[in-house]
Amino acid sequence: MTNPVATMSEGLRYRGRFGQWAWILHRVGGLGTVLFLFLHVIDTSFVYFWPDHYINWIMFYRTWYFGLGEIALVGCVLYHGLNGLRVALFDLRPELWTPELQQRSVVYVAIAFAVLFVPAAIFMGGNILSHLGG
Amino acid sequence: MSATTTTTGAAQSPAVGGMRRRVALPEKSLETRIWQFMRISGVALIPLAFGHLAIMHVINSVHDMNLCFVAARWDLLAWRIYDAALLGFAMLHGMSGLRTVAEDYVHQPGLQRIIRLAILLAGGAVILMGAIALIGGVRLVDIPANCI
């Protein structure tokens, strides 16, 4: 097995610039999403299997620290989705595959991500604050 | 793109030096199908997952969430179909992605088989749990009358 520490340090040492950063974030965002996805399907299935305990999950999800995790989740999904769309587009239209457009498309994804994520994060952050202490 | 998606027929390769070369495309392997599925499910998940996040995690929040909310939501069949599509696409997309990541770091074929099997079993169990809950709905005797 490849040493995970070596994987991380090599990942930082290799200067692939835009494309490599986009790829690392895609991986982190995908992993974050899929880990919560497994958990989230199980917690929702409690409404059928153990309905009396469903609220216990929800009470945990209502804590401020999980709320921060939820903002991170929205970031993971938004980035992974937008960057994935970029990847799928280049796969479908290989004639667009020029180094310049590759780099520019990463910037477009970052802009679209910021436009969607910042308002959502502010809104969700306000929601966490409004429920603090009660 | 349709010219390149025939399984056995010949397809035209990009023009090279003004000449067009006809090459026979091989049968699509399982890996090709998985690759295609990742693109198709990924595009389908943009409206499904973004919509789910906006409605259930931003506009509504965990502070609105309880059995009553889920019961009222799933009272509409359309929401169950939406959630079923999200469940299937997201889980299969995530399982396939997990496998890709794992096999980037684990190279022994025997270990890769074990990882694939573990992802299939765990993911299959979670999909099954979600599907049963979607079909069975909220199972509580005393759902308040004003709930739905």
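Here, each number is a calculation from the coordinates, and none is a lab measurement. A quick note: this is a predicted structure, and the numbers were derived from the prediction, not measured. Neighbour counts run over all protein chains shown; Cβ positions are idealised from the backbone, glycine included.
Miscellaneous remarks
- Shape descriptor for region B:43-148: Rg over Rh equals 1.09 (Cα atoms; Rh from the Kirkwood inverse mean 1/r).
- Over the protein assembly as shown: Kirkwood hydrodynamic radius from C-alpha pairwise inverse distances, Å: 21.4
- A full extension of the chain between B:Leu128 and B:Ala54 corresponds to an added length of 24.1 nm, given 0.36 nm per residue minus the alpha carbon distance.
- For chain A, a simple Cβ point-charge model (Lys and Arg +1, Asp and Glu -1, everything else neutral) yields a dipole of about 400 debye relative to the Cα centre.
- Label-point separation, A:Ser130 to A:Ala114 (7 Å along Cα→Cβ), nm: 2.7
- Between 0 and 90°, nearest 10: helix A:64-92 axis offset from chain A longest Cα axis: 30
- Reduced Cα scattering model of chain A, Debye log10 I(q)/I(0), q = 0.15, 0.18 Å⁻¹: -0.91, -1.09
- Each Lys or Arg adds one and each Asp or Glu takes one away; over the other residues whose Cβ falls under 15 Å from the Cβ of A:Gly125, this sums to 0.
- Using alpha carbons only: equivalent-ellipsoid semi-axes of region B:51-91, gyration tensor based, whole Å: 17, 14, 8
- Helix-only [θ]222 nm of chain A, DSSP H runs n ≥ 4, -39500 (n - 2.57) each, per residue, nearest 500: -29000 deg cm²/dmol
- Think of the protein assembly as shown as having a plus end and a minus end, set by charges on the Cβ of Lys, Arg, Asp and Glu; of B:Ala133, A:Phe49, A:Leu37, A:Leu37 sits farthest toward the positive end of this dipole.
- Neighbourhood net charge (10 Å Cβ-Cβ; Lys/Arg +1, Asp/Glu -1) for B:Arg73: -1
- 12 Å beta-carbon shell around A:Leu89, net charge (K/R +1, D/E -1): +1
- Derived scalar couplings between HN and Hα for region A:21-32 equal 5, 4, 5, 4, 5, 4, 5, 4, x, x, 5, x Hz in order, rounded to whole Hz, by the Karplus curve 6.51 cos²θ - 1.76 cosθ + 1.60 (θ = phi - 60°), x for Gly and Pro.
- Spatial offset of region B:57-107 relative to region B:110-127 amounts to 19 Å, using the alpha carbon center of each.
- In Hz, Karplus ³J(HN,Hα) per residue of region B:98-108 (6.51, -1.76, 1.60; θ = phi - 60°; x = Gly, Pro): 4, 5, 4, 5, 4, 6, 6, 10, 10, 10, 6
- Rounded to 10°, Cα long-axis angle of helix A:4-13 versus longest principal axis of chain A: 50
- Dipole magnitude (debye, nearest 20) for region B:33-148, charges at Cβ of Lys, Arg, Asp, Glu: 400
- Nearest-ten-degree value, helix A:99-130 long axis tilted from longest Cα axis of chain A: 20
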